[in-house]
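Trainee: Please see the structure below; I have some questions.
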Amino acid sequence: MPRTIILEDDEIAIIWSAEDVLSIREHLTPEQALEVLEQAKHQHDSTIGINWDVLGYHADWMFPEEITEEKDYGNSI
């Protein structure tokens, strides 16, 4: 879960971790999760911010989950 810290009396910072990314994309490695955070920081849009959807978008774009097709081995008539 992201956490908030107070830097000065009139400042805050929202902290996201690799663990947050891994909680929504379990197929990633910790190193890949950190890369997702770095990409989100690099592409940061202050009108949107960084949120669960943004992290998921970057994770899916950078490390798409492999889709395995289920094969139908039933009898074809």
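Trainee: Can you pull out every residue in region 8-30 that is without any contact (Cβ under 8 Å) to a residue 12 or more places away in the chain, closer than 22 Å to PRO64 by Cβ and loosely packed, with under 11 Cβ neighbours inside 10 Å?
Mentor: Once the filter is applied, which keeps residues that are without any contact (Cβ under 8 Å) to a residue 12 or more places away in the chain, closer than 22 Å to PRO64 by Cβ and loosely packed, with under 11 Cβ neighbours inside 10 Å, region 8-30 yields only GLU26.
Trainee: Could you grab me the full set of residues in region 42-57 that are within 21 Å of ALA13 (Cα to Cα) and surrounded by 11 or more Cβ atoms within 10 Å (Cβ to Cβ)?
Mentor: Answer for region 42-57, where residues must be within 21 Å of ALA13 (Cα to Cα) and surrounded by 11 or more Cβ atoms within 10 Å (Cβ to Cβ): GLN43, HIS44, ILE50, ASN51, TRP52, VAL54, LEU55, GLY56.
Values in this text are rule-based calculations from the coordinates and carry no lab data. The shown structure was predicted, so the numbers you read here are calculated from the model rather than taken from an experiment. We place every Cβ from the backbone using ideal geometry, glycine too, and count neighbours over all the protein chains shown.
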